[in-house]
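**Q** My structure is below; once you've seen it, I'll send some questions.
What follows is calculated from the coordinates using simple rules that are stated; it is not laboratory data. Note that the structure is a prediction, hence the values are computed from the model and not measured. Please note: Cβ atoms are built from the backbone with ideal geometry, for glycine as well, and neighbour counts cover all protein chains shown.
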Amino acid sequence: MYISHSDRTVNSPSVNSHSVFPGRFSSFTRILQNTVHTTLWCTLFLAARPVNAQTPQQQPRYTIVVTGSELLDGVYADQHTYFLTRALRPLGWRCVGSVSVDDQAEAIEQALRFSTAKSPLVIVTGGLGPTDTDVTRTAIADFSGVALREHADVLRELERRFKTPRAELRENLRRQAQVPIGGGYLANRLDSAVGLIYQFPQGTIVALPGPPRELRPMVRNELIPYLNRRFGTRLPGSALTLRFVGIGQSRINQTLKDQSLVPAAVVVTTQFSHGRVDYTFSFPEDTPAHRKELETIQIALRNQLGDYIYGSGTTSLESRILARLASQDQTLVIAEVGTAGELTRGLSGVANKHDSLAGAYIAPTEHRLGQILGIASGQWQRAVTNVERARQLANAAAAACKASWSVSVGRVQSSDNAPSQLAIAIRAPDGQLETHTLRFTGNLAGSQARLSTSILDLLRRRLRQ
């Protein structure tokens, strides 16, 4: 997919056009009789390129096995590989592969044979609950030869959680108290499925619960301390993450190279998704000298590419926009058709919205959205083009919510022989309207997140004027 921005500004200063370059799309292969879906997600999500640092051969290696038929059916995407690689990279761990498999014991065991041949540590996610499809516990036990035994502490926690004596616990619930002999378990503070540790001659397998709300705190609070004890993993060193939008990774790389901005001892890693690029610069140790050197890198990069940097650390593009609005005591309303609520989902997901998001309107058609916003029929009929309708929607949304700013997204105009088009309007507090036409190729559903990024970047730039 390629998205170009063609700005048509009305009654407002022009905005520089820019292009969002296509990301790297993962290739995947179904293997093991169509039950295993192998993807080198570490290459896609976290292209680590150490410079004069620990070589890949020296770094501790691990492989991820993600279980769940929903992944193979396309119901939802794998989030665990992204999270785990991001969490373990600062500790020096190198992901060498990720495998997605069905909820079947045979498929899991085949994936484990593949994974244990690649790395001494395998992390498996999902399948530890009480249902019939939760077979990960026994599948790993059968593969590793490590027996399971009911653990008294885990059983007591099940009694407490379900307020039921152990003798009355249902068999499927009580099964969750079984842990590997000689390995142990990782506590789950949020639910009943503990993490499991299998230690056997070929390596170590760690099984984690599937729900992200359980897995993520378990990784931070239980798995990382375990890895430090078991493998001597180092604590996180000094690190700086800068977040870019509206610029291709190749241009950032070229700037780093041409300007010699990064010392040889700094490890550089990148992560890219939906038009956003993260660059992390890190040292293996945390010292005042290292922190000062990272600050020097940040200043130099902001001088060179500051227009494309929207934040640092974990600051999201959405949170940056809402914080900027809050600092000016202003509000924003969204009216969207073509992006099907993608803008609203991103903005409403910000933990502290500062009351800056005044409202959002989502409809399947422009006409229906106009009706919701109370645009008179005669007025709507005078809007002949997509851009004119986007302008009307932006004005009406701002009036409906009494918002300082409004962003409207019109319908998608498709053509067999040309890129699809999407009209955007941004209304400022003084009533001036700025319009844009986004062009993209490919499937709309697969493009909506990238389109949302492009629209938010246009708004970010407009807020800075």
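**Q** Report the calculated FRET efficiency for LYS163 and GLN465 (r = Cβ-Cβ distance, R0 = 45 Å), to the nearest 0.05.
**A** With R0 = 45 Å, the Cβ-Cβ based efficiency is 0.15.
**Q** Note down the magnitude of the dipole of the range 306-365 about its Cα centre, charges +1 on Lys and Arg C-beta and -1 on Asp and Glu C-beta and zero elsewhere, to the nearest 20 debye.
**A** Taking the Cα centre of the range 306-365 as origin, the dipole is about 100 debye.
**Q** Hey, of [x] 74, 56, 45; [y] 77, 52, 47; [z] 109, 66, 39, which did the structure itself give for Cα extents along the principal axes in Å when calculated?
**A** [x]
**Q** With a 10 Å Cβ neighbour count serving as the proxy for reagent exposure, in which order, fewest first, do LEU393, LEU196 appear? Mind showing how you got there, number by number?
**A** Working: LEU393 31, LEU196 26.
Ascending Cβ contact count within 10 Å gives the list LEU196, LEU393.
**Q** Give me the distance in nm between label points sitting 7 Å out from Cα along the Cα-to-Cβ direction at ARG251 and LYS118, one decimal.
**A** Between ARG251 and LYS118, the simple spin-label model gives 3.4 nm.
**Q** Still on this structure, I have one more. What full-extension length gain, to one decimal in nm, is calculated for ARG170 and THR315 as 0.36 nm per residue of separation minus the Cα-Cα distance?
**A** Stretched fully, the ARG170-THR315 segment lengthens by 47.8 nm.
**Q** Here is a further query. List SER119, SER447, SER348 from most exposed to least, where exposure is judged by having the fewest other Cβ atoms within 10 Å. Write down the numbers at each step before the final one.
**A** Numbers: SER119 20, SER447 24, SER348 14.
Going from least to most buried by this count: SER348, SER119, SER447.
**Q** Now, a different point. Looking at the range 130-167, which trypsin sites (Lys or Arg not before Pro) are in a loop (DSSP not H, G, I, E or B) and have at most 15 other Cβ atoms within 10 Å?
**A** Hits after loop and neighbour filter: LYS163.
**Q** I need the calculated FRET efficiency for the pair LYS402 and GLU150, taking r as the beta carbon distance and R₀ as 56 Å, to the nearest 0.05. Show your work: numbers first, answer last.
**A** On the way: r = 61 Å, r/R0 = 1.09.
It comes to 0.40.
**Q** Give me the one-decimal nm value for the distance between modelled label points at THR133 and GLN379, 7 Å along each residue's Cα-to-Cβ direction.
**A** 4.9
**Q** Compute the relative contact order of the range 61-151 as a whole-number percentage, counting only Cα pairs closer than 8 Å that sit 6 or more residues apart in sequence.
**A** That works out to 37 percent.
**Q** Ok, one more. Exposure proxy check: LEU158, LEU128 ranked by fewest other beta carbons within 10 Å?
**A** Result, fewest neighbours first: LEU158, LEU128.
**Q** Something else now. Between LEU444 and GLN79, take the C-beta separation as r, use R0 = 25 Å, and let me know the FRET efficiency to the nearest 0.05.
**A** Step by step, r from the Cβ atoms, then E = 0.65.
**Q** Is any helix in the chain, taking whole DSSP H runs, at least 27 angstrom long along its axis by alpha carbon and on average at least -0.5 on the Kyte-Doolittle scale, and which ones?
**A** Details: long enough: 444-463 (28 Å, 0.12).
Both cut-offs are met by 444-463.
**Q** Now a separate question. If you take every DSSP beta bridge whose two residues both sit in the chain, what share of them, in percent to the nearest 5, is antiparallel? Could you put the intermediate results ahead of the total?
**A** Working: 62 of 89 bridges.
Percentage antiparallel, nearest 5: 70.
**Q** Tell me the net charge near MET218. Cut-off is 12 Å between Cβ atoms, MET218 excluded, with +1 for each Lys or Arg and -1 for each Asp or Glu.
**A** So the environment of MET218 carries a net charge of +1.
**Q** Follow-up. For the range 360-432, what does the relative contact order come out to in percent, with C-alpha contacts under 8 Å and a separation of six or more?
**A** Normalised by residue count, the contact order of the range 360-432 is 27 percent.
**Q** Once you keep just the Cα pairs under 8 angstrom separated by 6 or more residues, what percentage relative contact order results for the range 245-306?
**A** RCO, the range 245-306: 30 percent.
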